[in-house]
Structure formats: C-alpha cells, structure tokens
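Right, one structure below, let's go through it.
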Amino acid sequence: MYAVLLRGAYKTETGKDYRQKGGHTIANQRRVSPVRVVDKTRVNNQIRLIKSKEIRVVADEGQIGIMDIDSALKIAGERDLDLVEISPQAEPPVCKIMDYRKFKFEEGKKLRKAKKQQTTLTLKEIRMRPMIDTHDYEFKKRNARKFIDQGDKVKVTIRFRGREFSRQDLGTSVLNRLALELADIATVESQPKIDGRQMVMVLRAS
C-alpha cells in the first residue's frame with residue numbers, strides 16, 4: 001500500500017509583509033503553510049471505503065471478474081501488486097490490479113515531457129505608417145517573416161496621424177500588400193480593421 005499524500009510535496013516559505021507606521025517601514029515576518037498535494041485515488045485497503053459490496057476487477061490482461069473487495073485484495077497481494085480504483089462511478093465500481101508506484105512514475109514522466117514540448121506562442125507587433133517608404137517597408141516585412149518562421153503571430157499596426165486618418169485606403173493597401181507577399185508562410189487570422197486611430201491586422205503561420 002502506498003501513501004496517498006505525496007511525501008515530497010511539502011514546501012515551507014517565509015515571506016515579508018511591509019506596512020507603514022510613524023513614517024517608518026516595518027517588515028513583519030509571516031510563515032506560509034506547507035503545500036500538500038493529495039492523490040485522492042483509493043488504493044489497496046482504501047478500497048474498503050467503497051460502499052458497494054462487490055467490484056469489477058480488471059488487469060492488463062483484461063477483466064478478471066466481479067467479486068467482493070477482500071477477494072480482489074487477495075489476488076492483488078498474490079501478484080505482489082496494488083488494487084486501484086479507476087472508475088468509481090461505474091456500477092459496480094471498477095478497480096485495476098497494477099503496480100501503482102510504477103504507474104504514477106510513468107504518468108509523471110509523460111506530463112513532464114508534454115510540458116517540455118509545449119511551445120509558448122508570442123504575439124509580436126510591427127508598426128507601420130500609411131505612407132511608409134520602400135526601405136522601411138522591406139525592413140518591417142523581413143522582421144514579420146522572421147517572427148512567423150519562429151512560430152509567432154504578428155500583429156501589424158498602421159498608425160494614422162492628423163489628416164492621414166481620412167486616407168484609410170492607404171493603410172488597407174499596405175496591409176493587403178504585406179499579407180500577399182507573406183502568403184507563402186502566413187495566413188491572415190484577423191482581417192484589417194480600424195481600432196481607434198490605427199488599423200490592425202494579425203498574421204499567423206500557415
């Protein structure tokens with residue numbers, strides 16, 4: 001039988017709480033309670049807490065049968081394995097004979113691997129003017145291409161100043177041109193639209 005409370009999950013921290021008194025800063029020490037991670041899975045003798053008199057027992061090779069809890073615990077003990085509740089809502093509840101410690105270890109490995117493989121998607125922003133010159137446009141386009149190649153989304157913003165706001169068609173033209181010239185690697189996620197005194201478009205990797 002394994003402890004349901006994970007022994008390695010305790011953590012104690014000491015923090016400082018600052019307050020003002022008489023023009024002076026006073027630091028009050030406070031202690032943070034230990035963090036406990038509880039596994040609510042019922043294992044071995046905890047199976048006896050199940051209200052049902054009988055349980056359905058399965059193993060890696062398939063179903064063993066429906067039996068009382070003592071018989072299931074005896075079979076698990078003879079195999080030097082654990083009896084683990086896996087479907088408490090079933091009728092009757094389903095318990096599996098397995099190496100629970102090995103199962104939790106492998107599950108932890110999978111979670112760590114999945115977390116490691118996750119990529120953080122970043123939204124980069126590129127700012128342009130409605131009458132941007134060729135050199136500046138090409139520079140901004142190269143940056144947009146670089147960001148998209150890295151897997152990031154790109155928010156392209158056209159900022160209008162003064163009377164430029166009356167020429168929104170220029171901003172639309174710049175954004176449409178950029179989307180067309182990056183079409184080999186990018187898709188328009190959000191079409192050009194006005195947001196205050198600026199026009200915004202979002203590109204993502206295709």
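The values are calculated or read from the model by the stated rules, or taken from the named source; none is laboratory data. On a predicted model such as this, the values are computed, not experimentally measured, just so you know. Don't worry about glycine lacking a Cβ; one is built from the backbone with ideal geometry, like all the others, and counts go over all protein chains shown.
Quickly run through the stretch 149-188 and pick out the residues that are of a type in the set (Gly, Ala, Ser) and within 14 Å of residue 131 (Cα to Cα).
Step one: filter the stretch 149-188 for residues of a type in the set (Gly, Ala, Ser), giving 151, 162, 166, 171, 173, 179, 183, 186.
Within the stretch 149-188, 162, 166, 171, 173 qualify.
Give me a count of the residues in the stretch 166-206 that are out of contact with any strand residue (DSSP E or B) (no Cβ under 9 Å at 6 or more places or on another chain) and farther than 20 Å from residue 136 by Cα.
3
Here is a list: 60, 152. Which entry is over 30 Å from residue 168 (Cβ atoms) and at pLDDT below 95? Write out each step before concluding.
Numbers: 152 fails: over 30 Å from residue 168 (Cβ atoms).
Sole residue among the options that is over 30 Å from residue 168 (Cβ atoms) and at pLDDT below 95: 60.
Residue pairs, Cβ under 7 Å, 6 or more apart or interchain, first in the stretch 128-139 and surrounded by fewer than 16 Cβ atoms within 10 Å (Cβ to Cβ), second assigned to a helix (DSSP H, G or I). List them.
Cβ pairs passing all conditions: 131/170.
Looking at this structure, is residue 113 in contact (Cβ under 8 Å) with a residue 24 or more places away in the chain and either closer than 30 Å to residue 197 by Cα or under 31 Å from the mean Cα position of the chain (by Cα) (or both)?
no
For (1) at pLDDT 90 or above; (2) in contact with a Phe, Trp or Tyr (Cβ under 9 Å, 6 or more places away or on another chain); (3) under 30 Å from residue 59 (Cβ atoms), each residue gets a yes or a no:
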{"position": "85", "(1), (2), (3)": "yes, no, yes"}
{"position": "88", "(1), (2), (3)": "no, no, yes"}
{"position": "93", "(1), (2), (3)": "yes, no, yes"}
{"position": "101", "(1), (2), (3)": "yes, yes, yes"}
{"position": "135", "(1), (2), (3)": "yes, no, no"}
{"position": "159", "(1), (2), (3)": "yes, no, no"}
{"position": "171", "(1), (2), (3)": "yes, yes, no"}
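Could you list all residues from the stretch 178-192 that are surrounded by fewer than 13 Cβ atoms within 10 Å (Cβ to Cβ) and either in contact with a His (Cβ under 9 Å, 6 or more places away or on another chain) or assigned to a helix (DSSP H, G or I) (or both)?
180
Are any residues in the stretch 47-58 surrounded by fewer than 16 Cβ atoms within 10 Å (Cβ to Cβ) and closer than 21 Å to residue 99 by Cβ, and if so, which ones?
Answer for the stretch 47-58, where residues must be surrounded by fewer than 16 Cβ atoms within 10 Å (Cβ to Cβ) and closer than 21 Å to residue 99 by Cβ: just 48.
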